[in-house]
Amino acid sequence: MAITDPIPRFSLNQNFSSWRLFYCLSLYLIISSAVVYAEDAEGISSDLYEEVLKSEAVARLYELGKVSDADDYLERTFLSPASVRAGNLIREWMEDAGLRTWVDYMGNVHGRVEGMNKTAEALLIGSHLDTVVDAGIYDGSLGIISAISALKFLKRDGQLGKLQRPVEVIAFSDEEGVRFQSTFLGSAAIAGSLPVSALNISDKRGLTLQDVLKENDIKITEEKLVELKYEPLSVWGYIEVHIEQGPVLEWAGYPLGVVKGIAGQSRLKVIVKGSQGHAGTVPMSLRQDPMAAAAELILLLESLCKHPEEFLSYDHHCNDIVVESLSKSLVCTVGEISTWPSASNVIPGQVTFTVDIRAMEDIGREAIIYELSNQMYQICEKRSVSCIIERMHDANAVNCDSELMLRLKDSANAALERLTGETQDEVPILMSGAGHDAMAISHLTKVGMLFVRCRGGVSHSPAEHVLDDDIFAAGLAIVEFLESQM
Ligand SMILES: NC(=O)NC(NC(N)=O)C(=O)[O-]
Ligand SMILES: [Mn+2]
Ligand SMILES: [Mn+2]
C-alpha cells in the first residue's frame, strides 16, 4: 500500500448530527490507525519512510542551517570554524546511519558502507558542506543530508548489508570557492585534478590553503595531496542530489528533475591601478581614476554578455552555432568589488573586482574571455590606468552519463509514484547553469545529478526554500536508486 495523505480531518464545527458525527469520528479512527501501520508491498511501515526521509531530514537541514560563522546570516567557507562544526555534525549523522567515517587531508567528510562485496567498484554520493555568504540552507546540504537519510532508512529497514557494492557519501569541503576564489578544492583533490600549486593560493587575510589546513592540525604535503586521489577502477560512478537553483522544475510542476549537463565556468580577478589623489584638487582632465575605469569595464562586460553576437567576430574563434549557443546560455557576473584606500575624499589608487563567466559551450566562453580581455586593455589604455586580469578558476562544461541519467529518471519516477500512488510522466531533463562538485568528480568517474525543485528558483539567498515533500521525494529517489544496487 503506497504512502497516502492522512484521511481528511472533519472539522468539528461542521453541521453534523451527534450520531453521524460519532459514526464519522469512529470510522476515521479505525481507518487512520490502519493507515499509520499501513505497510507497503515490501512490508515496510510507511511511517519509517516519512520519519527518516522527511521529518528527520528536514529537521537536520534546519539544524545544519544554523551552523554559521556569522551571527545573523549563513556563511561557512573552507575549513572555517563553522565548517569544522558542520563537518562534525555530518559525521555524527553518517555514523547514525551505520557508516564508517573519516575526514581527509582536504577537510572532506566521508561515510562509507562496504555492502556485500567490499572489493567492488564503489558508488559515490556527495555534495558540499560549504556555503556562499548569506546563503540558503539547502545548497549543498540537501545532497548530503538526503544521501545520509536514504542510507539510514536502509539500515533501519535491515537492507544496508544487501548493497552489491560499497556506497560512500562525501561531504566536500569547498565547492563554492568563496574563501580562495578557486572552487572544488575538496572534490578536485578526490578526482586527482587539484594541482599542488593550489596549496599556495591565499585568502583575503593572506593565509595560504596550506596555512588554513595547518590551523586545523592538517599537515598536508604534496604526497598526502596526491594520496587523496581515488583510483578510477575503485569507483563505479558518482551521483549528486542538489537544488535546481533555477525556475524550471517549479514552472513545469515537478519536484524532481534529471540533469543532462553542467555549464562551464571561469572566474577572473581584475585589478585596475591608477593615480591615487586628493578628491578636491585633481582636475577631472588630469585624473587616472581606476574606479571610473572599473565602472566602464563592468558595463562592457554586461553588454558583451547580453549581446555576444555584436562583439564576436565570425572568424576561426567562433562560428555562428557557438554564438547562437552563447546567446542562450552565456551569463556574466561581477559579485565582488573592493577599492583602496576606500575613503570618500580620495581618488582610489586601485580597484579590484571579480568576474564570473559561464556558458554551455567552452569554445564560446573562451572567445568571450578573449574578446573581453582585449577590450578591457583598450579601455584602460585610453584612461591611462593599468589592468591586470588573473584567471582564478576554470571548469569545462560536463555532460552527465546517459546510464546514470536513465537510472536517476527511473528512481525519481518510482519515488514520485510511491508518494502519489500515480504513474508518472517522464521527469524533466534539464541543464545546470550552476556549478557542482560533479564537475570535478567527472575527471574521476561517470557522474549523474538529480535536481530538486526550489521555490521561485531562488538560491544563494536566505530566501532559498524547498518543500518538505520535495525533500521527501529526493530521499525516496536515492532509496530507489540504492535498492537498484541490491
Ligand atoms: N551549486 C552552486 O551554487 N555552485 C556554485 N559554485 C560553483 N563552483 O559553481 C555556483 O556558483 O554555481
Ligand atoms: Mn552554491
Ligand atoms: Mn551547490
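Throughout, read-outs are computed from the coordinates displayed, never taken from laboratory work. These figures come from a predicted structure and were not determined experimentally. Neighbour counts run over all protein chains shown; Cβ positions are idealised from the backbone, glycine included.
Tabulated data for the structure shown
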item	result
Chain lengthening between Ile337 and Lys306 when straightened (0.36 nm per residue, less Cα-Cα)	9.1 nm
Over segment 265-328, relative contact order from alpha-carbon pairs under 8 Å, at least 6 apart, %	23
Added length on full extension, which subtracts the Cα-Cα distance from 0.36 nm per residue, Ala120 to Leu299	59.1 nm
Förster radius 22 Å - calculated FRET efficiency between Tyr62 and Lys219, Cβ distance, rounded to 0.05	0.05
³J(HN,Hα) computed for each position of segment 474-483 - Karplus, 6.51 cos²θ - 1.76 cosθ + 1.60, integer Hz, glycine/proline x	5, x, 4, 5, 5, 4, 4, 5, 5, 5
Calculated FRET efficiency for the pair Glu403/Glu231, C-beta based, R₀ 22 Å, to 0.05	0.60
Diffusion constant of segment 251-291 at 20 °C, which comes from Stokes-Einstein with the Kirkwood Cα-pair radius and 1.002 mPa s, µm²/s	136
Mean shadow area of the chain, taken as a quarter of the surface of its Cα convex hull (nm²)	28.7
Relative contact order (percent, whole number), the chain, Cα cutoff 8 Å, 6+ residue spacing	21
Amide H within-cut-off set for Lys446, under 5 Å, with H built and near neighbours excluded	Tyr238
Paired Rg and Dmax values of segment 264-395, which use every Cα atom, in angstrom	16.1, 52
Whole-Hz ³J(HN,Hα) from phi, Karplus 6.51 cos²θ - 1.76 cosθ + 1.60, for segment 131-140, glycine and proline x	9, 7, 8, 6, 8, x, 8, 9, 4, x
Placed amide H near Ser127: partners under 5 Å, 5+ positions off or other chain	Ile170, Phe172
From phi via Karplus (6.51, -1.76, 1.60), per-residue ³J(HN,Hα) for segment 246-252 in Hz, x at Gly/Pro	x, x, 5, 5, 5, 5, 7
Rounded Å value of the spacing that divides the Cα centres of segment 173-207 and segment 125-172	22
Other-chain or far-sequence residues with amide H under 5 Å of Gly277's (modelled H)	Ile347
Angle between the chain longest axis and helix 362-382 axis [Cα atoms, degrees, rounded to 10]	30
Estimated inter-spin distance, Lys382 and Lys328, nm [label 7 Å along Cα→Cβ]	3.4
Helix-only [θ]222 nm of the chain, DSSP H runs n ≥ 4, -39500 (n - 2.57) each, per residue, nearest 500	-11500 deg cm²/dmol
